[in-house]
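Undergrad: One structure coming up, written as structure tokens, with questions to follow.
The values are calculated or read from the model by the stated rules, or taken from the named source; none is laboratory data. As the structure is a computational prediction, the values presented were derived from the model and not from experiment. Methodologically, a virtual Cβ is constructed for each residue, glycine included, from the backbone with ideal geometry; neighbour enumeration extends over all protein chains shown. We work out accessible area using only protein heavy atoms, side chains counted, and drop any ligands, DNA or RNA first. Shrake-Rupley method; radii C 1.70, N 1.55, O 1.52, S 1.80 Å.
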Amino acid sequence: MSDKFFIEVSCQQKNHDEERICGDVFYSRRLQDEERTILVLSDGMGHGVKANILATLTSTMALNFTIEHKDVNTIAEIIMNTLPVCSVRKMSYSTFSIVDIDHNGETKILEYDNPQCLIMRGTEEFIPEWQCIILNSEKNAGKELKFCSFKPQKEDRIILWTDGITQSGLGSADYPFGWGDEARDFVKKIIKNEPDISARKLSTKVINMSCFNDGYHPKDDSSCVTIYFRNPRRLLICTGPPFEKENGKKAICGATTVDIIARELNREVVDSMEFDDPDLPPISHMEGADLVTEGILTLSKVNTILEKYNEDTNLGRGPADELVKLILESDSIDFVIGTCINVAHQDPNLPVELEIRRTVVKRIAKILQDKFLKEVNLQFL
């Protein structure tokens, strides 16, 4: 990714009050080789399982066709021709918003029937040149899509939402016609008051206000996606010699590794006797390092936590939990991995899932890239 900025992405959702499954679907993919990030938000007709299926089909097709660089007309035609027809309403319907970000070039946005996204440049709204695309095929003749492209700058934000947000409060005394454009004003006010607000916090505030408008009983599925172009937060994880000085936070995983680093930098290592995790040795402390832990056992547990992690996960104070916190707070993670095998971990009586260091780190890297859209760099020594 370009060093100019990092792309932070957060999607927050609330289900229709009577449904356990959300009819809105959000997909994202970061293509490391092409330096592209693609995001899709879709709202299926109605709510519940049927809406979720429609939105899932739409999001999957939109994501895959965008990855393949299909033109916007082709994407729209294929999606609308493929969706199954509702047996009750005799129509197939699902909205979508597609954002295709070239990390070193332009950002393209294609929207069909979702409320128009809000683009902020710093604390002011940015209005790109929108184009209206009208389909002319026999089946979809007259359907309109909106398209724009622009070159993003640091501190730009893109806020996508479904109509559960803009129609919240519909019929109430405060918003008889729904929240509407006041949702946009709400976001602008938040950003002016908190110019560095995170993507997750901003999306959460929008969702919470939407829920409040409906008396905490959402009348429709609601989704808010925030894309924030900002300075990257960097993390260096060293699990094997040597140690390299970098800007950002630093974590050292491995007793042998920290001993070598302490010796070379003439630093003292202070061991802790606080066993916050019964499965792992306690955290140590060394000047210049934000976190010092045991190696392969800690990394294996980090891998497990990240695999299962969701918005409801509560992290503890153990070494693996603290490393996960550092990782999730960072955007660009650099791993420096020593490939010498520690003979202590070749004991056949140890758990089968305990693998050599480089394999575990590769698994962590894949999760961070695919699930959390992090930029990950691996250096094997």
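Undergrad: Quote the FRET efficiency, to the nearest 0.05, computed for Q153 versus T313 with a Förster distance R0 of 30 Å and r equal to the Cβ-Cβ distance.
TA: Working from the Cβ atoms, E equals 0.35.
Undergrad: Rounded, prolate or oblate for segment 143-241? Axes are the square roots of the Cα gyration tensor eigenvalues, ordered a ≥ b ≥ c, and the cut-off for rounded is a/c under 1.5.
TA: The shape class here is prolate.
Undergrad: Additional query: In square angstrom, rounded to the nearest 10, how much accessible surface does C211 have for a 1.4 Å probe?
TA: Number for this one is 20 Å².
Undergrad: At a 10 angstrom cut-off on C-beta neighbours, averaged per residue, how do the peptides 318-324, 171-177, 139-145 rank from highest to lowest?
TA: Descending mean neighbour count gives 318-324, 139-145, 171-177.
Undergrad: Once you have a ≥ b ≥ c as the square roots of the Cα gyration tensor eigenvalues for segment 78-183, tell me rounded if a/c is under 1.5, and otherwise prolate or oblate according to whether a/b is larger than b/c.
TA: Oblate, since a/c reaches 1.5 and b/c is not below a/b.
Undergrad: Output the peptides 299-306, 189-196, 74-81 sorted from most to least packed, where packing is the average of other Cβ atoms within 10 Å over each peptide's residues.
TA: Taking the mean over residues of other Cβ atoms within 10 Å, the ranking is 299-306, 74-81, 189-196.
Undergrad: Between helix 182-193 and the chain, what is the angle of the helix's C-alpha long axis to the longest principal axis, kept within 0 to 90° and rounded to the nearest 10?
TA: Orientation of helix 182-193: about 30 degrees from the principal axis.
Undergrad: Sticking with this one: Send over a whole-number figure in Å² for the accessible area per residue of segment 258-323, probe 1.4 Å.
TA: Values: 3770 Å² over 66 residues.
For segment 258-323, the per-residue accessible area is 57 Å².
Undergrad: Could you give the size of the charge dipole of the chain about its Cα centre, using +1 on the Cβ of each K and R and -1 on the Cβ of each D and E, expressed in debye and rounded to the nearest 20?
TA: Roughly 480 debye, rounded to the nearest 20.
Undergrad: Going by average Cβ neighbours within 10 Å, how do the peptides 28-40, 225-237 rank, with the highest at the top?
TA: Numbers: 28-40: 17.9, 225-237: 21.5.
Top of the packing list down: 225-237, 28-40.
Undergrad: Give me the percent of DSSP beta bridges within the chain that run antiparallel, rounded to the nearest 5.
TA: The antiparallel fraction comes to roughly 75 percent.
Undergrad: Rolling a 1.4 angstrom probe over the protein heavy atoms, how many square angstrom per residue are accessible across segment 126-229?
TA: That works out to 49 Å² per residue.
Undergrad: Relative contact order (percent) for segment 283-324, with alpha-carbon contacts under 8 angstrom and 6 or more residues of separation?
TA: Normalised by residue count, the contact order of segment 283-324 is 39 percent.
Undergrad: Can I ask one more? Leaving out ligands and nucleic acids, and using a 1.4 Å probe, what accessible area per residue does segment 1-49 come to in Å²?
TA: 45 Å²
Undergrad: A follow-up question, please. Quick one: with all protein chains in place, what share of the accessible area of the chain is carbon or sulfur, to the nearest percent (1.4 Å probe)?
TA: That fraction is 49 percent.
Undergrad: If you don't mind, another one. Which of I98, I127, T56 sits closest to the plus end of the dipole of segment 1-137, meaning its Cα is farthest towards the positive end, when Lys and Arg get +1 and Asp and Glu get -1 on the C-beta?
TA: T56
Undergrad: For the chain, compute Rh as the Kirkwood radius over C-alpha pairs and then the Stokes-Einstein diffusion coefficient at 37 °C and 0.692 mPa s; write the answer in µm²/s, rounded to an integer.
TA: Translational D for this selection: 143 µm²/s.
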